[in-house]
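Below is one structure, written out as structure tokens; comments come after it.
The values are calculated or read from the model by the stated rules, or taken from the named source; none is laboratory data. No experiment lies behind these values; they were computed from the predicted model shown. Glycine also receives a Cβ, built like all others from the backbone with ideal geometry; neighbour counts cover every protein chain displayed.
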């Protein structure tokens, strides 16, 4: 379909050391979607996100983004690659991997500068982002000395400053305190409401429920076993047990605004 | 709330005993594995040094307010002056300049001076000791050890007269002072400038951007891996009783090395992906900022006047 921004058809992928991860994977993402990849540890969520971000390439099958076939060879074209990453932003699970400069300001400015934005525009954007995320006081600090939550904010700022159409986040709330989690959810909801496509990978069912409309559930055998509305997936207790997202003693309580799944302590 | 039966783990009998009694300290206390302790302390020292330099670079001192590029060029000019001067007085003036710079930058003067002069210049002096003798530097005797005698040392015949020459002594003293002054100035520059700005200022002397970026990232990940090493060794320390045998030490060292290597390889791949995902294609683009203020101009003028007077004045004073 023409309005699909991502389209994976019969994709297979494997890591040399670990054998086949995906085979025959099909997926399509429309502009403005908010999608959550749900799956237990090791189900392949991060790998799938990296395929969408053209950091990993399918061994077989086709991966189309914005109507073009994405291949390793095509991504070697600097102009194409820069243009691609201007549209697709990726927030890594491990903030330490993403924050590689020795000053927060430079870290945030890195992306737009590589994209070729004029220096004045970069300065305006970086300062706006610092203000928006309320992290101005951190701008001269080395990112590696910050707390986990602060690092996550900087990593997010470093991607938001590029203003990508698609925002891909790997375990965005991992390591965040409840207030920061709520702040992040509000921000992502707002971005989605203005037309940004949001794709997150998590095993946090509450986050999936609050943030996204559509969910893809990955089994521990790296297969998409569900693709549909998030409420439908969260109501399917058997499915969640099967993919190891909850155990059989988990339950939901409340039926209106306060639906969640948790395990007995 | 009780745990549901099918998921209740079966505890082995030894785990069911509560043993919370505290034992009396043994006579051999204090012999806790010195190797692990030393490694932990050394890692902590590096991390503390790293934080200390950040702390000082944020103090409201004079040098902290000067542009890093101006500071770098000034320090280079002073070090070159120290390197080319043949006057002891000029060297002393340069040391005094370094000391004043340290004090007005609110650096811990005494502590730093002890640290600077107590180690590397001392080592340099030790290495320069043989050069003080008339064997290498003949000249006016300053301290005579013996005269007109046949002396053999490890099968070699020494000169009939052995003394420390004035020229040799001066050469060693100059070397000692030059090393100390350069260190003092270098340390002042490092401590008053945040690392990222210091590295960026290297561009004014023609260091390529990619090289600066590599140093920056290397430093950043060394600190990260040091944190990881600290965790590794602390986890080992709490599970180690008594002294480790040398084979156990080798094994511990080897396994830590392997873990760090494997972690750094994985990290390197992710870092590259993170850079690619933000448009990096092998050529880093950075913002060049050239905003020199009045204080930079004033400081530059002072350094130019000082170094020029010292270089010219040095020709007239001994």
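Table for the structure above
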| read-out | value |
| --- | --- |
| Filter pass, residue A:81 being over 24 Å from residue A:158 (Cβ atoms) and crowded, with 16+ Cβ neighbours inside 10 Å | no |
| Number of positions in region A:164-186 that are out of contact with any helix residue (DSSP H, G or I) (no Cβ under 7 Å at 6 or more places or on another chain) and in contact (Cβ under 8 Å) with a residue 12 or more places away in the chain | 5 |
| Any hit, region B:63-78, residues being modelled with pLDDT under 90, closer than 16 Å to residue B:299 by Cα, surrounded by fewer than 19 Cβ atoms within 10 Å (Cβ to Cβ) and away from every other protein chain (no Cβ under 14 Å) | no |
| Filtered residue count, region B:121-170, keeping only those that are out of contact with any helix residue (DSSP H, G or I) (no Cβ under 6 Å at 6 or more places or on another chain) and within 30 Å of residue B:102 (Cβ to Cβ) | 6 |
| Filter pass, residue B:223 being in contact (Cβ under 8 Å) with a residue 40 or more places away in the chain, part of a helix (DSSP H, G or I), in contact with a helix residue (DSSP H, G or I) (Cβ under 8 Å, 6 or more places away or on another chain) and farther than 26 Å from residue B:82 by Cα | yes |
| Subset of region B:262-296 [away from every other protein chain (no Cβ under 14 Å), outside any loop (DSSP other than H, G, I, E, B) and surrounded by 13 or more Cβ atoms within 10 Å (Cβ to Cβ)] | B:295, B:296 |
| Matching residues in region B:244-259 - criterion: being without any contact (Cβ under 8 Å) to a residue 60 or more places away in the chain and out of contact with any helix residue (DSSP H, G or I) (no Cβ under 6 Å at 6 or more places or on another chain) | B:245, B:246, B:247, B:248, B:250, B:251, B:253, B:254, B:255, B:257, B:258, B:259 |
| All positions within region B:121-135 that are modelled with pLDDT of 80 or more and under 22 Å from residue B:178 (Cβ atoms) | B:122, B:123, B:124, B:125, B:126, B:127, B:128, B:129, B:130, B:131, B:132, B:133 |
| Candidate set: region A:116-142, residues that are surrounded by 19 or more Cβ atoms within 10 Å (Cβ to Cβ) and over 13 Å from residue A:161 (Cα atoms); chosen: the one farthest from the other protein chains (Cβ to nearest Cβ) | A:135 |
| Criterion (at negative phi, surrounded by 15 or more Cβ atoms within 10 Å (Cβ to Cβ), away from chain A (no Cβ under 14 Å) and modelled with pLDDT under 80) met by exactly one of B:36, B:43 | B:36 |
| Residues of region A:44-78 satisfying the condition of being surrounded by fewer than 18 Cβ atoms within 10 Å (Cβ to Cβ), in contact with a helix residue (DSSP H, G or I) (Cβ under 8 Å, 6 or more places away or on another chain) and closer than 20 Å to residue A:3 by Cβ | A:66, A:68 |
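This table checks each residue for (1) outside any helix (DSSP H, G or I); (2) more than 9 Å from chain B (Cβ to nearest Cβ).
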residue	(1), (2)
A:61	yes, yes
A:73	no, yes
A:80	no, yes
A:86	no, no
A:90	yes, no
A:97	no, no
A:102	yes, no
A:113	no, no
